[in-house]
Every structure is written in structure tokens, then in C-alpha cells.
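Participant: The structure follows.
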Amino acid sequence: MDLNAVRTFVAVADAGQFQMAAVDLSLTQQAVSKRVAALERELGVRLLTRTPRGAELTIDGQAFLAHARSLLQAAERARASVRPGSRALRVDVVGRRVSLAGVLRDFHRVHPEIALDVVTLLGAEEAVAAVRDGTIDATFRAVTMPGQMIPEGIEITPVHDEPLHLFTGPAHPFAGAAAVTPAELAGHRIWMPGNVPGTEWTAYYEALAADFGLTIETTGPNFGVEALIDTIAASSTLATFLGPQTPIVWPAGYDMRLVPLRDPAPVYPHSILWRADNPHPALTALRAYLASVHHDPPAGETWTPTWARRPTNGS
């Protein structure tokens, strides 16, 4: 059904005159009449009759008017669902408990008028493809995977080098340490059941393990963060890695420890990626907010995998 014809019919019904409707729509009276006539031919009924006072709805016109308004409202909702500035800004994060998810929450507190749709895609390759295809507006990722290239038209800006901490229970040998070096963790068991083969975070921790002789265990089902905390709290051998700003809460009686890593301090390099031609105004606001938020880097030397050291487009 021709929505322009439907819109014209509603305008005539509201104005009560073809001439006034033509003025409202910035059309000629002849164009208004032709649109209404075409709609009547499509429906096979007469919707309006001309009278000395203007135009009146027929019985069929009265029945159709409410549906015509609903059609126009549905069309506007459909447009708004994809119109930049009207639809929610779609942003991908690695997980809802990572520090960048907290940054998004802070951004929303500063800009409560901006609707956010936060998603968690599986890995960097899928996330970058979603940005390229317009499925999402932006993604926070550690890129690139070894050999991965950033597609043409995708912009990338570093936003946060997140330092890693060792997360242990009270019986772990490093529970009382003020800091630990990665080399001191050689031979110790780092349990990360959420590591998924083929993802950038798994590649990151594999590189960390290879450079410092760590043992990263991914055995056992991933029952979520609560089960992970329960297991580590009761273990004298298992630990995992967390960022100091990771929003995780554990029961007070667990006495969990977050021990900084130093000399060098491993950092997880988060960047934001977006399409250069994306016109969503909230994306500009998000990038400006990220540029205004300063994260103090850890003191001393830092470490990231060679493939994660500040990629550039096409490299």
C-alpha cells in the first residue's frame, strides 16, 4: 500500500478539504485528488465524498481512517528504529563484567538521554565484521589477532590499557604478597575456564603464558563467575587474572585477594572500533567521553603481545 497515498487521505480527513490538505502537504490540489483516487482504486471502495463544505468520510472511509493512522505510526516507528539519533547506540563489549562495561555505565550516567544497546559477541573477528556490516555501531576489543587486518573504512583508537591482577583465595602462596612478577607465576596454575579457542582474549593469555612460563588451565565447564570465585576461594593452588576495576563482588567471609602484577605489568589493550561513515550522534558523544576519561597506566614497564601493540588500519 502506498504510504504517501495513505498519508494524503489522512490529511484530507483531518482538514476536511482537499485544498487545505494540499497546502499542509505542499502539494497541488490535483496531486492530492490523484493520490486519494489511486488509494480508492486499490481498496476498491470510496473513502471520501466532495460536498459544498469540502470533503466528508464515507462509511468505508470512517472504517479505514483508524487503520490508516496505525499504518503511518508503524512506518514512523520503523524509521525511528534505524534512524541515527533515534535508535539505541549498539556497542559490543567482551563481557558485561569487564572494566569497559563499567566505562559504558559511567557514560550512561553522564548521558542518560542516550539509549544504549550493549551486546557481547564472541570474538574480535565477529565483532569487527559486525561493525563493518553495520550490525553494531562500535566494539571494544583487543586487536588484532595474529595476522588479522582491520577492514577498509574501520577506525580504531586505543582507549584503555587495563592492568592485570592475580585473583586468589586466602590460602594461595601469593595471597599475602604486595605484588607479583609474571616470572614468579611460572609453574603456578591460572584457571580461566571462560577462555574460548579462537578469541582474542584466549590468544592474549596464551601469549602471556608462553612468554613467562605460566600454566593457563581451561579445563572444566564454565559455570560463571560465582562458581569461579567459590573454587578459587577454597583452593591453595588455583588463581585467575582480573582487572582491578572488574565489577565483581564476593562474600565477605571469602577473604579474596587482588595482587598487582609488576615488572613487567601485563596490560590488556582495549581499543574502540567503529565505521568512519557512521553518522550516529551518540557515537560521537561516546568517543568524546572516552577521550576525556584518563586511566593512569601502571608504574614501570608493561607487557602486551607483539600482535596487540597498537594496530593500524590495513596492517
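Participant: Select from region 63-74 the residues that are under 17 Å from GLU42 (Cα atoms), surrounded by 12 or more Cβ atoms within 10 Å (Cβ to Cβ) and not aromatic (Phe, Trp, Tyr) and list them in ascending order.
Facilitator: Correct list: ALA63, LEU65, ALA68, LEU71.
Participant: If I go through region 109-145 residue by residue, how many of them are under 25 Å from THR306 (Cα atoms), of a type in the set (D, E, K, R) and buried (at least 18 other Cβ atoms within 10 Å of the Cβ)?
Facilitator: Final tally of qualifying residues: 1.
Participant: Output the residue which, of all residues in region 1-48 that are among the small types (Gly, Ala, Ser) and within 21 Å of ALA74 (Cα to Cα), is farthest from the chain's Cα centre (by Cα).
Facilitator: Among those that are among the small types (Gly, Ala, Ser) and within 21 Å of ALA74 (Cα to Cα), it is ALA13.
Participant: Additional query: Within region 136-143, can one find any residue that is modelled with pLDDT of 90 or more and assigned to a loop (DSSP other than H, G, I, E, B)?
Facilitator: Among the residues of region 136-143, at least one is modelled with pLDDT of 90 or more and assigned to a loop (DSSP other than H, G, I, E, B), which makes the answer yes.
Participant: Something else: Take PRO197 and tell me if it is touching a strand residue (DSSP E or B) at 6+ places or on another chain (Cβ under 9 Å), in a loop (DSSP other than H, G, I, E, B) and assigned by TED's automatic domain parsing to the domain that holds ASP230.
Facilitator: So PRO197 does not fit the description; no.
Participant: Give the residues of region 99-113 that are within 13 Å of the chain's Cα centre (by Cα) and among the β-branched types (Val, Ile, Thr), sorted by residue number.
Facilitator: Result: VAL103, single match.
Participant: Among the numbered criteria (1) assigned by TED's automatic domain parsing to the domain that holds LEU228; (2) at pLDDT below 90; (3) crowded, with 16+ Cβ neighbours inside 10 Å, which single criterion is violated by PRO251?
Facilitator: (3)
Participant: Enumerate the strands (runs of 3 or more DSSP E) found wholly within region 216-315, keeping only those where 1 or more residues are among the basic types (Lys, Arg).
Facilitator: By residue number, 257-260, 265-275.
Participant: With respect to ARG7, determine if the residue is of a type outside the set (Asp, Glu), surrounded by 14 or more Cβ atoms within 10 Å (Cβ to Cβ) and assigned to a helix (DSSP H, G or I).
Facilitator: Yes: the conditions hold for ARG7.
The values are calculated or read from the model by the stated rules, or taken from the named source; none is laboratory data. Every value quoted in this text rests on a predicted model; they were computed, and no experiment measured them. No Cβ is skipped: glycine too gets one built from the backbone with ideal geometry, and neighbour counts run over all protein chains shown.
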